[in-house]
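Student: A single structure is presented below for examination.
The values are calculated or read from the model by the stated rules, or taken from the named source; none is laboratory data. Because the structure is predicted, anything quoted here is derived from the model rather than measured. Neighbour counts run over all protein chains shown; Cβ positions are idealised from the backbone, glycine included. When the accessible area is computed, the model is the full protein with side chains, heavy atoms only, and any ligands, DNA or RNA have been set aside. Shrake-Rupley method; radii C 1.70, N 1.55, O 1.52, S 1.80 Å.
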2 protein chains.
Amino acid sequence: MKKETRKEEIIKVAAALFKEKGYSAVTMRDIATDMDMKAASLYNHISSKQDILKDIIIKLAEAFTNGLTKIKNSQATSLEKMEAIVALHIKITSSNTDGMASLNNDWMHLEEKLEYYLKLRLDYEDDIRFIIKDGVFKKEITAVSVDVILFSVLSTLRSLYLWIPKKEDLNPEKLAKELSKVLINGIAI
Amino acid sequence: MKKETRKEEIIKVAAALFKEKGYSAVTMRDIATDMDMKAASLYNHISSKQDILKDIIIKLAEAFTNGLTKIKNSQATSLEKMEAIVALHIKITSSNTDGMASLNNDWMHLEEKLEYYLKLRLDYEDDIRFIIKDGVFKKEITAVSVDVILFSVLSTLRSLYLWIPKKEDLNPEKLAKELSKVLINGIAI
DNA sequence: TTAACTAACTAACGATTGTTAGTTTAATAA
DNA sequence: TTATTAAACTAACAATCGTTAGTTAGTTAA
């Protein structure tokens, strides 16, 4: 029960198609064509189209949750934690930009796992909101609306999947440094 | 307060459904159900499903292009222009959050109008990139990567459609002020 | 009144959808 | 050798898709 390479290939090919056209617009025959096989043959490896989406999204969502847990339990300052969150998003996203497209755009088609996903996402946002609030309290972060800060930072990080593939020469550490600088210090001189 | 035409009603209902499930997952029968009619009756008012999407997206894309043209031809400083761009996005997005979901997520299904849309989007990004470059040259904007700044700002503005509907008491001017402050001055004290 | 128009309807179309059943082929294990 | 297994195949299914054709009822214009 460990011969999952073929299954993983299918999921990878499917994720690329899901990014290009969206989950609903991709047919099992599309995935099969890119795998050089017939649609029915896919079912030797996966149990349903739905199951492919679940695999893609839940794995990524749990990676974010696990990454954030380490950060929030660390001894870093609030701003250092924000920098670590930026680095976490760059690390996970650059390892799977296709899958991140599904996570961002097709989570509503999860059905059985939808509730679980929504809980992970809500908890994730709450944890970051707490880090920001703590930063404001400790006078590390400006006292403009916490929600505006949360929204602004998270929107940028959640869009990385669109942008990272365009940078052919990606240096994750350099990007993390520059992006942290822009998000934390702004763009004004 | 002129009465909406039947076609406009359909487009509005369709946009709400497109936001909820994505263009491909919405059927003509879904739209008809929400309009309290049969799917075939929709064709007395619209020519195709595709045409609904085109109406939604192109109208918005042109509104952005027109708005940015005024800003770039103004005498404002680079930072003032950036603030005006923030306000432009808030204004257009808050007037049609449903449509903005299609613009962001379903543009790839435009078919005949796809090329035109892509040109508008590319020109839009180039215009903002120029404003940022000019700001760096005039020492109003920090000399970190222009693309990182462009990406960060535009990602946030393009995600407004997800966030504005959650703020039941939206004050566009106040939001523009706060968001500009966060994007331009950052979050650090 | 008559004619034209608007906006709904029923019925159905060919195409495509995700998926199942049963079969075949080649490689590996006994 | 024989048996087993993995991974492909063909054929087909019921359901659903966007859309068309033709009809009907109510409203407006002449």
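Student: So is residue A:25 within 14 Å of chain B (Cβ to nearest Cβ), away from DNA strand D (no atom under 14 Å from the Cβ), among the small types (Gly, Ala, Ser) and over 30 Å from residue A:131 (Cα atoms) or not?
Tutor: No.
Student: Would a scan of the stretch A:35-51 turn up a residue that is in contact (Cβ under 8 Å) with a residue 40 or more places away in the chain and within 11 Å of DNA strand C (Cβ to nearest atom)?
Tutor: Looking through the stretch A:35-51, at least one residue is in contact (Cβ under 8 Å) with a residue 40 or more places away in the chain and within 11 Å of DNA strand C (Cβ to nearest atom).
Student: Inside the stretch B:79-123, can you point out the residues that are in contact with a Phe, Trp or Tyr (Cβ under 6 Å, 6 or more places away or on another chain) and either polar (S, T, N, Q) or open to solvent by less than 20 Å² (accessible area, probe 1.4 Å) (or both)?
Tutor: Once the filter is applied, which keeps residues that are in contact with a Phe, Trp or Tyr (Cβ under 6 Å, 6 or more places away or on another chain) and either polar (S, T, N, Q) or open to solvent by less than 20 Å² (accessible area, probe 1.4 Å) (or both), the stretch B:79-123 yields B:93, B:97, B:100, B:101, B:102, B:106, B:110, B:117.
Student: Which residues, taken from the stretch A:163-189, are open to solvent by 20 Å² or more (accessible area, probe 1.4 Å), within 8 Å of chain B (Cβ to nearest Cβ) and outside any loop (DSSP other than H, G, I, E, B)?
Tutor: A:163, A:178, A:181, A:185, A:188
Student: Got a sec? Which of A:57, A:90, A:141 is β-branched (Val, Ile, Thr), modelled with pLDDT of 95 or more and over 30 Å from residue A:169 (Cα atoms)?
Tutor: So the residue among A:57, A:90, A:141 that is β-branched (Val, Ile, Thr), modelled with pLDDT of 95 or more and over 30 Å from residue A:169 (Cα atoms) is A:141.
Student: While we're looking at this one, here's another question. For the stretch A:10-22, check the following and say yes or no: at least one residue is surrounded by fewer than 18 Cβ atoms within 10 Å (Cβ to Cβ), in contact with a helix residue (DSSP H, G or I) (Cβ under 9 Å, 6 or more places away or on another chain), farther than 17 Å from residue A:161 by Cα and not hydroxyl-bearing (Ser, Thr, Tyr).
Tutor: No, the stretch A:10-22 contains no residue that is surrounded by fewer than 18 Cβ atoms within 10 Å (Cβ to Cβ), in contact with a helix residue (DSSP H, G or I) (Cβ under 9 Å, 6 or more places away or on another chain), farther than 17 Å from residue A:161 by Cα and not hydroxyl-bearing (Ser, Thr, Tyr).
Student: Go through the residues of the stretch B:132-143 one by one and say whether even a single one is surrounded by fewer than 17 Cβ atoms within 10 Å (Cβ to Cβ), more than 23 Å from residue B:91 (Cβ to Cβ), in contact with a Lys or Arg (Cβ under 7 Å, 6 or more places away or on another chain) and within 12 Å of chain A (Cβ to nearest Cβ). Quick ask: steps written out before the conclusion?
Tutor: First, pick out the residues of the stretch B:132-143 that are surrounded by fewer than 17 Cβ atoms within 10 Å (Cβ to Cβ): B:133-134, B:137-139, B:143.
When the remaining residues are screened for being more than 23 Å from residue B:91 (Cβ to Cβ), the result is B:133-134, B:137-139, B:143.
Adding the requirement that they be in contact with a Lys or Arg (Cβ under 7 Å, 6 or more places away or on another chain) leaves none.
No, the conditions are met nowhere in the stretch B:132-143.
Student: Please go through the stretch A:28-52 and give me each residue that is polar (S, T, N, Q) and either more than 8 Å from DNA strand D (Cβ to nearest atom) or not in a helix (DSSP H, G or I) (or both), ordered by number.
Tutor: Hits for the stretch A:28-52 are A:33, A:44, A:47, A:48, A:50.
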